[in-house]
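Notes for the one structure printed next.
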Amino acid sequence: MFDTQFAVRLPHAVWIGGLLVPALLATTGVFVYGGGVERTLHSDVRTALGKAGYHGVVAVDGRSVVVSEVSPRAVDAVRAVVSDVNGVGGTHVRAAEPEQLLVAVRGGEILVSGAVADDAERRALLEAVRSDGHRVTAALRLGGLLPIPPVVIGRVLSAALSAKVPDVTTTIHNGQVVIAARVPDEARASAVRDAVREAANGLQVTDRIEIGSSAPAGDLNVQALHDSISRLVNGNGAIRFVQGTTAYEGHGPVLIERVGRMLLVAPRASITLVAHGTDQAVATKRGELVRDVLVGQGVAPALIAIETRPAPDGEYDPVTRQVDVVVR
């Protein structure tokens, strides 16, 4: 039995701050560890979305979770998945806007870069751009939105290929199709313009076709290539390593192989691998691992430089344990 004779009356502030508040937090299952709660929620939400087959950019503020860049058809399902995660206090889901789609022909390679809603749309797009005599390299982020249907994209590509030159770039965004190429004569230029306008199905067509000898294959707009690689890598979990190690986390090796194939269409571009890690030795080793995979895909070693970004305060932030690819 508790002996009231020895009971000590606690001051009001001690009662509220020292006993009642921790008890209330315990009943809600939330324990305050600074940024630890947000890191845990971020990881749990990413895991739940991955298991459910959904994609999006996750941001956590306290117990509120925002998931952006979500396929419009998946908004309600993503909201339900996130709301069911233990510890989430509020959920906001933002649908993705249609992104720019780049379709470039470089010799025998067709490069397709942009965002698709899901695997089914990705397969439909790849089928639409398939062409005899060309290999297709796809840098497609899941969870986005195509600007036009895959079948129309296929028709636009066929029209671009009618130029019969090794270097053609087509971009589709905001209701507009832009085609850039260098063709040998005005007759060829007129034929390509007419073919693209017919295939564009009413979209505005901006003509950047020039008359003259074709540029050597591989003269891709380097900034556009860098942007495409960044969207591919950052939209699929980044090239990241397990904390404090040189073991890959997530889809690192697959991402690097796809980046390597993309780099082949611009053989004169220089590549800088910005490697993060606990110290310089770890960062350097991570950069070398990524470099070796790129070289295995056919990228010239002389074009690859490694810069290190040590993180002496630890690798709690995922950015401090990844390797970024910069194309110049």
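Readers should treat all values here as calculations from the given coordinates under stated rules, not as data from a laboratory. Just so it is clear, the model here is predicted, and its values are computed rather than measured. Please note: Cβ atoms are built from the backbone with ideal geometry, for glycine as well, and neighbour counts cover all protein chains shown.
Across the chain, where is the longest run that never hits chymotrypsin sites (Phe, Trp or Tyr not before Pro) in a DSSP loop with at most 16 other C-beta atoms within 10 Å?
The longest such stretch corresponds to 34-315.
Quick check for me: using +1 on Lys/Arg Cβ and -1 on Asp/Glu Cβ, what's the dipole size of the stretch 101-211 about its Cα centre, in debye to the nearest 20? Kindly include the intermediate steps, with their values, before the conclusion.
On the way: 13 positive and 13 negative charges, 24 e Å.
Result for the stretch 101-211 is approximately 120 debye, rounded to the nearest 20.
Show that you can apply the helix-only estimate: for the chain, add -39,500 (n - 2.57) for every DSSP H stretch of four or more residues, divide by all residues, and state [θ] at 222 nm to the nearest 500.
Dividing the helical sum by the residues of the chain leaves -11000 deg cm²/dmol.
G62: net charge of surrounding residues, Cβ under 13 Å, Lys/Arg +1, Asp/Glu -1, itself excluded? Each step should come with its number before you reach the end.
Values: positive: R39, R63; negative: E38, D61.
Value of the local net charge: 0.
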Q: For the chain, set up a Gaussian network in which alpha carbons nearer than 10 Å are linked by springs, and say which option among T272, T40, T246 fluctuates the most.
A: T40
(Q) Name the residue from T272, V299, P310 whose Cα lies farthest towards the positive end of the charge dipole of the stretch 222-327, charges +1 on Cβ of Lys and Arg and -1 on Cβ of Asp and Glu. (A) V299
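Using a Förster radius of 56 Å, what is the FRET efficiency between D118 and T272 based on their Cβ-Cβ separation? Nearest 0.05, please. Display every interim value, and only then the final one.
Numbers: r = 33 Å, r/R0 = 0.59.
That pair, D118 with T272, gives E of 0.95.
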**Q.** Correct option for Cα extents along the principal axes in Å [calculated from the coordinates] among (1) 86, 50, 39; (2) 106, 47, 27; (3) 124, 41, 35
**A.** (2)
Q. If you place +1 on the Cβ of every Lys and Arg, -1 on the Cβ of every Asp and Glu, and leave all else neutral, what size is the dipole of the chain about its Cα centre, to the nearest 20 Debye?
A. 240
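Using r as the Cβ-Cβ distance of D292 and V136, and R0 as 25 Å, what FRET efficiency do you calculate, to the nearest 0.05? Write down the numbers at each step before the final one.
Numbers: r = 25 Å, r/R0 = 1.01.
Here the calculated transfer efficiency is 0.50.
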Q: Mind listing the long-range amide H neighbours of A269? Cut-off is under 5 Å, sequence gap 5 or more, other chains count too, H placed in the peptide plane at 1.01 Å from N.
A: none
Q. In the stretch 69-171, with Lys and Arg counted as +1 and Asp and Glu as -1 at Cβ, which of these residues, A160, L142, G87, has the Cα nearest the positive end of the dipole, that is, farthest along it?
A. A160
(Q) Please list, ordered by chain and number, the residues whose modelled amide H lies under 5 Å from the amide H of T91; skip anything fewer than 5 residues away on the same chain. (A) V65
